[in-house]
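Everything below concerns the one structure shown next.
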Amino acid sequence: MRPFDVETGIAAPYGAANVDTDVIMPKQFLKGIDRSGLDKGVFFDQRFLHDQPNPGFILNQAAWQQAAFLVVGPNFGCGSSREHAVWGLMQLGIRAIIGSSFAGIFFDNCQRNGLLLIELPEPEIAALLARVSHPRHNRLTINLGAQRISADGMADIAFEIDGLRKAAILAGQDAIGVTLQRAADIAAFEQRYLGERPWL
């Protein structure tokens with residue numbers, strides 16, 4: 001996975017509540033045998049009208065076309081457990097999503113794939129949504145190490161994150177990578193365990 005430390009980019013506002021994974025990645029994009037092309041499926045029914053870009057959708061507007069971050073409404077990612085939604089968002093270039101709450105399975109899928117989720121109180125989300133809705137104020141810097149969101153003319157916003165999740169995303173490691181950091185300890189345990197229980 002791609003490590004995340006300090007990143008600066010465009011943040012797009014997407015403040016709707018209860019956005020489910022079928023909206024993020026419609027079912028017709030779940031048929032492939034690999035992950036290729038999922039970026040086209042992200043918000044497909046909103047991004048496209050008759051297979052042409054919908055000019056009214058935020059990610060099709062010039063100021064937000066290269067968005068690296070989304071600022072979202074509450075309960076983002078609810079619905080089914082489709083991991084394709086996370087893969088598609090990452091293929092589209094989304095590196096972090098900032099919201100007040102996320103659905104549990106979506107949250108776990110993001111963690112496993114290195115997509116940073118940041119939870120903030122609703123008043124701070126409302127302020128960020130208002131800010132990044134203006135093209136001249138839509139760039140943010142996220143410093144994961146310092147756990148800060150910053151921008152010109154804005155007071156830094158601190159955020160909390162679980163230490164293990166933070167370490168994995170900083171290092172760009174999935175669960176297997178984190179486990180393999182302890183490969184020597186695992187091998188030593190296996191030898192010791194077999195020596196103590198040779199009948200197993």
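Structure summary
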{"quantity": "Region 70-176, accessible surface, carbon-and-sulfur percent (1.4 angstrom probe)", "calculated": "54 percent"}
{"quantity": "In sequence order, calculated HN-Hα J values of region 26-31 (Karplus, 6.51, -1.76, 1.60; Hz; x Gly/Pro)", "calculated": "x, 4, 5, 9, 9, 8"}
{"quantity": "The chain: mean projected area of Cα convex hull, nm²", "calculated": "13.9 nm²"}
{"quantity": "Protection proxy ranking of 104-113, 46-55, 121-130 - average other beta-carbon atoms within 10 Å, highest first", "calculated": "104-113, 121-130, 46-55"}
{"quantity": "Surface accessible to a 1.4 Å probe, per residue, for the residues of the chain, Å²", "calculated": "54 Å²"}
{"quantity": "Karplus 3J(HN,Hα) series, Hz, for region 125-130 with 6.51 cos²θ - 1.76 cosθ + 1.60 (x for Gly, Pro)", "calculated": "5, 4, 5, 5, 4, 5"}
{"quantity": "Spin-label pair residue 27/residue 196, simplified geometry with 7 Å Cα→Cβ offset, distance in nm", "calculated": "5.1 nm"}
{"quantity": "Extension reserve of the residue 18-residue 91 stretch, reckoned as 0.36 nm per residue once the Cα distance is removed", "calculated": "24.0 nm"}
{"quantity": "Fraction of beta bridges assigned by DSSP in the chain that are antiparallel (%, nearest 5)", "calculated": "50 percent"}
{"quantity": "Computed [θ] at 222 nm, helices only, for the chain once each DSSP H run of length n ≥ 4 contributes -39500 (n - 2.57)", "calculated": "-9500 deg cm²/dmol"}
{"quantity": "Spherically averaged projected area of region 1-72 from its Cα convex hull (nm²)", "calculated": "6.1 nm²"}
{"quantity": "Cut-off 14 Å, label 7 Å out along Cα→Cβ of residue 65, residues of region 30-53 by amide N", "calculated": "53"}
{"quantity": "Relative contact order (percent, whole number), region 1-133, Cα cutoff 8 Å, 6+ residue spacing", "calculated": "30 percent"}
{"quantity": "Kirkwood Rh and Cα Rg combined as Rg over Rh, evaluated for region 145-200", "calculated": "1.35"}
{"quantity": "Net charge of neighbours whose Cβ lies under 12 Å from the Cβ of residue 105, counting Lys and Arg as +1 and Asp and Glu as -1", "calculated": "-1"}
{"quantity": "Charge tally in the Cβ shell below 15 Å around residue 74, where Lys, Arg are +1 and Asp, Glu are -1, residue 74 excluded", "calculated": "-4"}
{"quantity": "Under 11 Å from the residue 8 label point (7 Å along Cα→beta-carbon), backbone N, region 87-120", "calculated": "none"}
{"quantity": "Residue-count net charge about residue 118 - beta-carbon cut-off 14 Å; Lys, Arg +1, Asp, Glu -1", "calculated": "-3"}
{"quantity": "Inter-part distance where region 146-168 and region 16-58 are each reduced to a Cα centre, Å", "calculated": "29 Å"}
{"quantity": "Centre separation in Å (Cα based) which lies between region 95-129 and region 65-80", "calculated": "7 Å"}
{"quantity": "Label-to-label distance, nm, for residues given as residue 45 and residue 180 (7 Å Cα→Cβ offset)", "calculated": "4.0 nm"}
{"quantity": "Kirkwood hydrodynamic radius (C-alpha pairs) into Stokes-Einstein, region 64-144, 4 °C and 1.567 mPa s, D in µm²/s", "calculated": "99 µm²/s"}
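The values are calculated or read from the model by the stated rules, or taken from the named source; none is laboratory data. No experiment lies behind these values; they were computed from the predicted model shown. No Cβ is skipped: glycine too gets one built from the backbone with ideal geometry, and neighbour counts run over all protein chains shown. Just so you know, the surface numbers come from the protein's heavy atoms only, side chains and all, with ligands and any DNA or RNA stripped out. Shrake-Rupley method; radii C 1.70, N 1.55, O 1.52, S 1.80 Å.
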